[in-house]
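Where a number appears in this text, it was derived from the coordinates with a stated rule and is not lab data. Note that this is a predicted model, so its numbers are computed, not measured. Cβ coordinates were reconstructed from backbone atoms using ideal geometry, including for glycine residues, and neighbour counts include every protein chain displayed.
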Amino acid sequence: MSRNVSLYLLFACFLLSAAPLIAAKSRVHHTGGYGAIAWHPPSGSYGYAVDRANARLASEQALSQCAHTACEVVLDLHHNCGALATNQHHDHTATGATPQEAQTRALRLCGNHCRLVVWACTH
């Protein structure tokens, strides 16, 4: 057998033996892709969660980060981005494929004199 063929077979055997390890590693690092934004307008308190295993865990984390006991989840996320914008009269949320898209949509829905409060993205 030529040297090139031997090296090729050795490399192929290595790749085949490493494939389960590569697949297992990717599963370990995969996260749920659920997120949430919680908000309490009178106090301006907010919380968010990203890449939780499910929607319930995302909501719980967002609420626990929010500094007011009356915070409510105002936006659920799943493999996307979300943003919250507010002015003195209205709060608006929006989603998008990118942070910029979500922020632009939320600000556009909110109208004049709005400010971005928070944004978050899940994977």
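For H89 and H123, the difference between the fully extended length at 0.36 nm per residue and the C-alpha to C-alpha distance is 9.0 nm.
Suppose every Lys and Arg Cβ carries +1 and every Asp and Glu Cβ carries -1, with no other charges. What dipole size does segment 34-121 come out with about its Cα centre, to the nearest 20 debye?
On the way: 5 positive and 6 negative charges, 29 e Å.
The calculation lands at about 140 debye.
Output needed: percent of Cα pairs per 5 Å distance bin for segment 25-123, bins running from 0 to the one holding the longest distance. Reading the bins upward from 0: 3, 17, 23, 23, 18, 10, 4, 2, 1, 0.
Under the definition of Cα pairs under 8 Å and six or more residues apart, what whole-number percent is the relative contact order of segment 34-121? Numbers along the way, then the final one.
On the way: 224 pairs, mean separation 23.6, N = 88.
Here the relative contact order equals 27 percent.
Converting phi to 3J(HN,Hα) with the Karplus coefficients 6.51, -1.76 and 1.60 and the offset θ = phi - 60°, segment 90-106 yields 9, 10, 9, 10, 7, 10, x, 6, 10, x, 4, 5, 5, 5, 4, 4, 4 Hz in sequence order, with x at every glycine or proline.
Summing charges over all other residues whose Cβ lies under 14 Å from the Cβ of H40, with Lys and Arg as +1 and Asp and Glu as -1, gives -2.
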